[in-house]
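Accompanying notes for the structure given below.
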Amino acid sequence: VTIYAAWLFHDLPDAGELADYRPATATRVYAGDGTLIGEFSEERRIYVSYDQIPPVVVQAFLEAEDRNFFRHGGIDVSGLGRAMFKNLYTVVSGRRLEGGSTITQQVAKNILLTNESSLNRKLKEAVLASRLEGALPKEQILELYLNEIFLGYRSFGVASAAYNYFGKSLGQLTPDEAAFLAALPKGPN
């Protein structure tokens with residue numbers, strides 16, 4: 001077990017790197033008079049700080065993705081157990097499996113790891129989530145998540161999705177629109 005753990009965790013990235021992480025945003029081209037001519041990017045993203053995200057949006061995502069976010073240390077043992085129990089039934093019925101990852105684990109996977117579906121990646125994700133919780137405040141982890149998450153329609157992050165789907169800024173979203181965005185991570189396409 002020790003040799004396996006040493007092999008598995010020897011190349012884990014440093015969770016502290018995320019303290020200064022900023023995801024890719026669009027390159028903007030301006031005319032000589034300061035008028036915006038165009039934007040170029042692979043990912044449509046508008047980065048917003050945690051303070052700029054309205055409570056209705058935060059609450060919608062916490063309800064949809066990780067109700068215990070502010071109470072766990074990166075891994076929600078009760079949520080993981082619930083997902084495993086539900087998946088026993090789900091496998092038999094042939095429906096989509098339910099995930100047991102916390103928002104912190106999703107940040108670790110989306111930014112520091114790959115999308116490979118394996119037990120090794122899940123173990124690395126759990127270790128990194130624990131390290132993230134020790135290195136960053138909860139609000140910064142949530143900020144990273146809400147700016148990095150893919151929400152379909154070339155939208156990365158909640159501010160971009162609010163604009164792309166509703167033509168609004170985050171502060172203008174209704175609770176129904178916030179709930180719609182919070183439902184997208186499970187099936188963004």
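Looking only at segment 115-143, which residues are open to solvent by 40 Å² or more (accessible area, probe 1.4 Å) and at pLDDT 95 or above?
Passing the criteria: only Glu139.
Go through segment 177-189 and give me each residue that's closer than 21 Å to Ser49 by Cβ, out of contact with any Asp or Glu (no Cβ under 9 Å at 6 or more places or on another chain) and in contact (Cβ under 8 Å) with a residue 60 or more places away in the chain.
Taking segment 177-189 as the starting set, the residues that turn out to be closer than 21 Å to Ser49 by Cβ are 177-178, 181-182, 185.
Checking which are out of contact with any Asp or Glu (no Cβ under 9 Å at 6 or more places or on another chain) leaves us with 177-178, 181.
Answer for segment 177-189, where residues must be closer than 21 Å to Ser49 by Cβ, out of contact with any Asp or Glu (no Cβ under 9 Å at 6 or more places or on another chain) and in contact (Cβ under 8 Å) with a residue 60 or more places away in the chain: Ala178, Leu181.
How many residues are more than 15 Å from Phe61 (Cα to Cα), open to solvent by 50 Å² or more (accessible area, probe 1.4 Å) and either among the polar types (S, T, N, Q) or not in a helix (DSSP H, G or I) (or both) if we restrict to segment 144-173?
Final tally of qualifying residues: 6.
What pairs come up if the first residue lies in segment 152-176 and is without any contact (Cβ under 8 Å) to a residue 60 or more places away in the chain, the second is part of a strand (DSSP E or B), and their beta carbons are under 7 Å apart, counting only those six or more places apart or on different chains?
Note: pairs meeting the criteria are Ala161/Ser155.
Would you confirm, using the coordinates I've provided, whether Lys109 is in a helix (DSSP H, G or I), at pLDDT 80 or above and of a type in the set (Lys, Arg)?
Numbers: in a helix (DSSP H, G or I): yes; at pLDDT 80 or above: yes; of a type in the set (Lys, Arg): yes.
Considered against the rule, which asks whether it is in a helix (DSSP H, G or I), at pLDDT 80 or above and of a type in the set (Lys, Arg), Lys109 comes out as yes.
The values are calculated or read from the model by the stated rules, or taken from the named source; none is laboratory data. Values in this document were obtained by computation on a predicted structure and should not be read as measured data. Every residue, glycine among them, receives a Cβ derived from its backbone with ideal geometry; neighbour counts consider all protein chains shown. Heavy atoms of the whole protein, side chains included, go into the accessibility calculation; ligands, DNA and RNA do not. Shrake-Rupley method; radii C 1.70, N 1.55, O 1.52, S 1.80 Å.
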